[in-house]
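In what follows, a structure is listed as structure tokens, so that the remarks can point back to it.
A short reminder: the numbers here are calculations on the coordinates, not readings from a lab. Here the structure is a predicted model, which is why all the values come from computation and not from measurement. Please note: Cβ atoms are built from the backbone with ideal geometry, for glycine as well, and neighbour counts cover all protein chains shown.
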């Protein structure tokens, strides 16, 4: 096995940790931020202190997510899983675009929403690929995670956008850990 493939498998986990580290650092520089009143993107908007921390952090995190997508695509066992990896690649691009188009810019709402949409599609599609490979329990769990995210986002009255975003990111992170442990070739 090629060395970079082994390393890239862990980049999904690295992207998750990096997101939380960047967000925590941005919150330290912005004590006005409230998880119950704001969106994470406010940490990169015009009212933020040191908005570059959050924005550059998301760009870097998006680039790391692209590496994870390459690992998914390389480890795919069928074409459906390749499509799931491609959706994760697109999610990584949109994650980086959130940093390029921070809160207050015209494309921001679209790029931030589309990041979550693409990640949900990645989880669901990869899960269908797992089912096709007779890994039914893991595949159904992955599809459920891909469906649970948008349905809960719409059906639950969230106290703030940041809480909703945290829910989505935690779900994506949980899926990455699940795939690292069970879902991609060892």
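Sum -39500 (n - 2.57) across every DSSP H segment of at least 4 residues in the chain, then divide by the residue count to get the 222 nm mean residue ellipticity, nearest 500.
-25000 deg cm²/dmol
If you take the beta carbon distance between residue 6 and residue 100 as r and set R0 to 30 Å, what does 1/(1 + (r/R0)^6) give as a FRET efficiency, to the nearest 0.05?
0.50
Stretched out fully, how many nm does the piece from residue 32 to residue 140 gain, at 0.36 nm a residue minus the Cα gap?
34.8 nm
Determine the relative contact order of segment 76-139: mean sequence separation of Cα pairs under 8 Å and six or more apart, normalised by residue count, in whole percent.
44 percent
Any chance you could give the angle, 0 to 90 degrees and rounded to 10, that helix 51-75 forms with the longest Cα principal axis of the chain?
0 degrees
Name the most mobile residue of 140, 156, 27, meaning the one with the largest mean-square fluctuation, in a Gaussian network model of the chain with Cα contacts below 10 Å.
Ranking 140, 156, 27 by mean-square fluctuation puts 156 first.
How large, in Å, is the chain by the Kirkwood hydrodynamic radius built from its alpha-carbon pairs?
16.5 Å
So what's the gap between the Cα centers of segment 4-28 and segment 123-158, to the nearest angstrom?
So the separation of the two Cα centres works out to 22 Å.
Which whole-number percent gives the relative contact order of segment 1-88, counting Cα pairs below 8 Å spaced six or more residues apart?
Relative contact order here is 33 percent.
Can you order the peptides 129-138, 35-44 by their average number of other Cβ atoms within 10 Å per residue, highest first?
Highest mean packing first, the order is 35-44, 129-138.
Please find the FRET efficiency linking residue 21 to residue 79, where r is the Cβ-Cβ separation and R0 is fixed at 22 Å, and quote it to the nearest 0.05.
In this case the efficiency is close to 0.05.
Once both axes come from the Cα atoms, what is the angle between helix 136-155 and the longest principal axis of the chain, in degrees from 0 to 90, rounded to 10?
Rounded to the nearest ten degrees, it is 30.
Using 0.36 nm times the number of residues separating residue 52 and residue 13, minus their current alpha carbon distance, what extension gain do you get?
Using 0.36 nm per residue and subtracting the Cα-Cα distance, I get 11.8 nm.
Suppose each label sits 7 Å from its Cα in the direction of the beta carbon; what would the residue 181-residue 131 distance come out to in nanometres?
Simple spin-label model gives 2.3 nm for this pair.
Would you mind calculating the gained length between residue 157 and residue 109 on full extension (0.36 nm times residue separation, minus the Cα-Cα distance), in nm to one decimal?
Stretched out fully, the residue 157 to residue 109 stretch lengthens by 15.4 nm.
Using alpha-carbon pairs under 8 Å, 6+ residues apart, how would you state the relative contact order of the chain in percent?
Relative contact order of the chain: 23 percent.
Fewest first, what order do 11, 109, 117 take by the number of other Cβ atoms within 10 Å?
Listing 11, 109, 117 from fewest to most nearby Cβ atoms yields 109, 117, 11.
Between the helical axis of 79-100 and the dominant principal axis of the chain, each derived from Cα atoms, what acute angle in degrees is found, rounded to the nearest 10?
Long axis of 79-100 versus the principal axis of the chain: about 10 degrees.
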